[in-house]
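Here is the structure we will look at.
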Amino acid sequence: MAEMSTLCTFLFSLLLFASHPLILPTAADGRWQLLQKSIGISSMHMQLLKNDRVVMYDRTDFGPSTLPLASGKCHNDPTNTAVQVDCTAHSVEYDVLSNKFRALTVQSNVWCSSGAVMPDGKLVQTGGFSDGELRVRVFSPCESCDWHETPNGLAAKRWYATNHVLPDGRQIVVGGREQFNYEFVPKNIAADTFKLHFLSETNERGVENNLYPFVFLNVDGNLFIFANNRAILLDYVNNKVVKTYPKIPGGEPRSYPSTGSAVLLPLKNLTAATIQAEVLVCGGAPKGSFVQALQGKFVKALNTCARISITDPKPKWVLETMPLARVMGDMVLLPNGKVLVINGARSGSAGWDLGRDPVLNPVLYMPDNEIESRFKILNPTKIPRMYHSTAVLLRDGRVLVGGSNPHAYYNFTGVLYPTELSLEAFYPGYLDAKFNNLRPTIVAPKSMSGIRYNKKLKIKVVITGEVTLNLLSVTMVSPAFNTHSFSMNQRLLVLGNDKVMASGKSTYEIEVMTPGSGNLAPAGFYLLFVVHQDIPSQGIWVHLK
């Protein structure tokens, strides 16, 4: 039976990769593949779902897209400055396995909105612009599903807010333009908002620099919230700030429109009495860059990252220098615990036509290396991905990249950086064929397996090459909602390797403990990988509940 499962997995992999165009090899680490020249819209927001489909959307007041809706479906908005009745799509569902897409229908403006996947696998998306400010939209992962909208699902207008799934299964929605508060989805019985003075304290008049705050669930159940150049730890249950973190050295802003990016670094040693949590914030724009860009002066972006252990009693930021300055970059956690920094510009800021000098090379950040050897420049794309670009991790280990529309409308000619409707995949170096004999293939459990908290989990893999047992590990990744250089709800847990046993020719059984609580990993769908010598398997979907 194990041999049959291995054969099925192998054939599935062949079908998966056969559905895509050929890729030209390159000398540098990583390679690129053009998946679609056009999906009809510019992917401003992106979320991978449990059926290996990615929901994307831009905004409904760009003017007509190049993808028509089904007959009779139109978006009607008398306040729309581009077109009042629009019968073209501004959202799509992309099928990773078939490399095909279909039009979806949004009935309100989703521009600069936020969201996350709930424990049941549904994408719950909030806010937007104009008629979308109070909307809550739900997308269920099924063959023919479309958006379902609730007109007054929010208690406050949300534009440029941030969402995160909580241990109790709700989403928290933090901030937004002129909203110095937070609320929960679904609404509380009282439909209350809760004041958060930190957001008003970090707001710069006329510039803001505190939108799309970086929000992470800490291992103690509180929320780490970063805006502008500093952060707090919020007890959202009691609406109380329990810790105030120092400013990043130098005090430069890292939040929209001085847009940097951030990740919660992989959580390890999950059964220890004390679990360390670290946050990494990279790039951004120096103070004043937004105003100067409006005047035609494009200031060089920041070339620093700041890293902090948010669980330390006396936490301090440690600065590191990136090989490439970057504003509007995205940070993606890879299955092996490395961080991919991708997209963005070398100068300017976020905003219409305010970025210059695209950064075509991704950079790999290796958090476990010594501080002077953590960065590696990777192979470049040929497509500039500027303002409104996106990137998410896929189950096969690739990174899906799309978007880039630095303009108020769709502009394909006569501009410095045309509206980009294409989709690409970036293949990290671990997908090179030379690593195939080291790459694990998971044969058990099956995809969509249910797993429980604080339980032993046995994973069976096939590895055809020589195996280094102490370099086998299991990781779990929460697929993120990506927009405006921040991946909401992104999280990677290292389950480790408690015991490894050979169980047949090239077959091994790995025993690990699942996360101990919702503070470590809120319930929901995760991608589970087995990593051998930094080479990850293809992931399987597991449902933690």
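The values are calculated or read from the model by the stated rules, or taken from the named source; none is laboratory data. The structure displayed is predicted, hence computed values, not measured ones. Here the Cβ is made from the backbone with ideal geometry for all residues, glycine too, and neighbour counts use every protein chain on show. Note: accessible area is taken over every heavy atom of the protein model, side chains too, but ligands, DNA and RNA are not part of it. Shrake-Rupley method; radii C 1.70, N 1.55, O 1.52, S 1.80 Å.
Around residue 518, under 15 Å between beta carbons, what's the net of Lys plus Arg minus Asp minus Glu among the other residues?
Summing Lys and Arg as +1 and Asp and Glu as -1 gives +2.
Sorted from largest to smallest, which semi-axis lengths in Å does the alpha carbon gyration tensor of the chain give for its equivalent ellipsoid, taking the root of 5 times each eigenvalue?
Result for the chain: semi-axes of 33, 27, 24 Å.
At 7 Å along the Cα-to-beta-carbon direction for both residue 501 and residue 168, put a label point, then send me their distance in nm to one decimal.
The modelled label-to-label distance comes out at 4.2 nm.
Set the bar at 25 Å for Cα to Cα. Now go through 300/376; 247/314; 455/499; 446/499; 50/240; 314/455 and name every pair that lies beyond it.
Over 25 Å Cα-Cα: 50/240; 314/455.
Can you tell me the Rg and Dmax of region 342-500, counting just the alpha carbons, in angstroms?
When restricted to the Cα atoms of region 342-500, Rg and Dmax are 19.5, 60 Å.
Report the full-extension gain for the segment residue 436 to residue 451: residue separation times 0.36 nm, less the Cα-Cα distance, to one decimal in nm.
That works out to 2.6 nm of additional length.
Return one whole number: the accessible area per residue of region 27-113 in Å², for a 1.4 Å probe.
Here the per-residue accessible area is 34 Å².
Using a 1.4 Å probe over the heavy atoms of the protein chains, calculate the carbon and sulfur portion of the accessible area of region 435-544 as a whole percent.
Accessible surface attributable to carbon and sulfur in region 435-544 totals 49 percent.
Looking only at region 91-107, which residues have a backbone nitrogen under 16 Å from a spot 7 Å from the Cα of residue 66 in the C-beta direction?
91-92, 101-103
I need the peptides 162-172, 315-325, 453-463 ranked by packing, meaning the mean over residues of other C-beta atoms within 10 angstrom, with the highest value on top.
Output ranking for 162-172, 315-325, 453-463: 162-172, 453-463, 315-325.
May I ask which residue of 479, 180, 535 lies farthest towards the positive end of the charge dipole of the chain, with charges of +1 (Lys, Arg) and -1 (Asp, Glu) on Cβ and the Cα centre as origin?
535
According to the Kirkwood expression over distinct Cα-Cα pairs, how big is the hydrodynamic radius of region 435-544, in Å?
Mean inverse Cα-Cα distance, inverted, gives 14.3 Å.
Using a 1.4 Å probe over the heavy atoms of the protein chains, calculate the carbon and sulfur portion of the accessible area of region 188-248 as a whole percent.
Reported share for carbon and sulfur atoms: 47 percent.
Ordered by packing density, taken as the mean number of other Cβ atoms within 10 Å over each peptide's residues, highest first, how do 245-255, 386-396 rank?
Descending packing order for the listed peptides: 386-396, 245-255.
Using a 1.4 angstrom probe, figure out how much accessible area region 435-544 has per residue, in square angstrom, rounded to the nearest whole.
Dividing the accessible area of region 435-544 by its residue count gives 35 Å².
Label-point separation (nm) for residue 377 and residue 98, each offset 7 Å from Cα along Cα-to-Cβ?
Placing both labels 7 Å along Cα→Cβ, they lie 4.2 nm apart.
If I stretch the segment between residue 148 and residue 82 completely, what's the gain in nm (0.36 nm per residue apart, minus their alpha carbon distance), one decimal?
21.4 nm
Please give the per residue accessible area of region 348-427, computed with a probe of 1.4 Å over protein heavy atoms only, in Å².
Accessible area per residue: 34 Å².
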